[in-house]
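Worksheet for the structure shown next.
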């Protein structure tokens, strides 16, 4: 809900200005013909009937256009009011998830999935008996074909949905027993289709969370955004357009990763968020995350093997199931699907450095 409010906030002044311009234009369209008619009636002699007729035609045309504009304003106002009611309903709605009594089990693992299965609205199963564990500070890589359940797994961890069976734990606590605000404050997330606000780079990274300038600069350095930001005349005060159309795709992704890192989350989720980065920058990002966020548990969903090759644990998913699990070297020997993906993607690329071998 907060994200929706943040998205709308920078748009409201522009929407208001646009509405006022339309209203002012309509009023002027109505007033000008009458003013001209008044002037003609009082200044032009009666014998100038042709001139009066000309102005009458102009007045009639302007009046028609004004009426059409008024009709457009009423239509836009009606649609805007309906949209505002729907948005207000969403913003004011309460979460439907029930918070269960405390449910804790002692464990050395930071994140645990145990026999988790899930289907959307009673349809076909999207996840089937998912089980794995990740220790604090480790990196989990997730790879698989489109639609295999990678993002759905993350959605369950964030409790956007509840699993149909099995349990998910963080620090030994069942996530269903953790208040939603407390649960989601643990995460820094960059989704596949995240958004850039029409605001400065600093505000896009801070995201109304009161992040200090020092932390903004640190996160931009870790995300490999520091170099291009420092090349801009205004630096972190550079104004971005809505959806970040005045920067490149790779630059947008680095800003979004900075946003996720800036709050120093307990768990960092990057959902296919480095796809626009070149191999060298991607490798530098992975090294920086390891060095600068050693206490943060990292979950990286990727289409490229190079993005997860150095992870402490890699899940290979297919059709909602884990078909391979282990480190890169292990999977290259034991998981044919992973090996085929790696061979088809990497070729002569060095997995760690992103440079050509030989």
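The values are calculated or read from the model by the stated rules, or taken from the named source; none is laboratory data. A quick note: this is a predicted structure, and the numbers were derived from the prediction, not measured. All Cβ positions, glycine included, derive from the backbone under ideal geometry; neighbour counts span all protein chains shown.
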Query raised in the report: Within region 311-320, can one find any residue that is over 29 Å from residue 119 (Cβ atoms) and crowded, with 19+ Cβ neighbours inside 10 Å?
Result: no
Report summary line: Of the candidates 229, 175, the one satisfying the condition of being within 23 Å of residue 286 (Cα to Cα) and either crowded, with 22+ Cβ neighbours inside 10 Å or touching a helix residue (DSSP H, G or I) at 6+ places or on another chain (Cβ under 8 Å) (or both) is 229
Report task. Examine region 211-222 for a residue that is at pLDDT 90 or above, out of contact with any strand residue (DSSP E or B) (no Cβ under 9 Å at 6 or more places or on another chain) and within 30 Å of residue 94 (Cβ to Cβ), and state whether such a residue exists. Result -> yes
Query raised in the report: Which condition number in (1) surrounded by 15 or more Cβ atoms within 10 Å (Cβ to Cβ); (2) modelled with pLDDT of 90 or more; (3) closer than 25 Å to residue 150 by Cβ is the one that residue 295 fails?
Result: (1)
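Residue by residue through region 205-215, note down the ones that are buried (at least 22 other Cβ atoms within 10 Å of the Cβ) and touching a helix residue (DSSP H, G or I) at 6+ places or on another chain (Cβ under 6 Å).
205, the sole residue that qualifies.
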Query raised in the report: Taking strands (runs of 3 or more DSSP E) that do not extend beyond region 60-164, which have at least 2 residues that are under 30 Å from residue 293 (Cβ atoms) and under 23 Å from the mean Cα position of the chain (by Cα)?
Result: 139-144
**Report entry** Among the residues listed as 196, 229, 205, 216, the single one being assigned to a loop (DSSP other than H, G, I, E, B) and more than 28 Å from residue 317 (Cα to Cα)
**Finding:** 196
Query raised in the report: Taking the stated definitions as given, is residue 143 touching a helix residue (DSSP H, G or I) at 6+ places or on another chain (Cβ under 9 Å), buried (at least 19 other Cβ atoms within 10 Å of the Cβ) and under 24 Å from residue 307 (Cβ atoms)?
Result: yes
Query raised in the report: Would it be correct to say that residue 348 is within 22 Å of residue 279 (Cβ to Cβ), in contact with a strand residue (DSSP E or B) (Cβ under 6 Å, 6 or more places away or on another chain) and either surrounded by 15 or more Cβ atoms within 10 Å (Cβ to Cβ) or modelled with pLDDT under 90 (or both)?
Result: yes
Query raised in the report: When you go through 110, 104 one by one, which is the residue that is exposed (fewer than 12 other Cβ atoms within 10 Å of the Cβ), at pLDDT 80 or above and in contact with a strand residue (DSSP E or B) (Cβ under 7 Å, 6 or more places away or on another chain)?
Result: 104
Report summary line: Of the residues in region 235-267, those that are loosely packed, with under 14 Cβ neighbours inside 10 Å and in contact with a strand residue (DSSP E or B) (Cβ under 6 Å, 6 or more places away or on another chain) come to 237, 239
Requested in this report: Could you run through region 264-281 and say how many residues are touching a helix residue (DSSP H, G or I) at 6+ places or on another chain (Cβ under 9 Å) and modelled with pLDDT of 90 or more?
Outcome: 7
Query raised in the report: Counting only residues that are in contact (Cβ under 8 Å) with a residue 24 or more places away in the chain and on the phi > 0 side of the Ramachandran plot, how many does region 173-217 have?
Result: 2
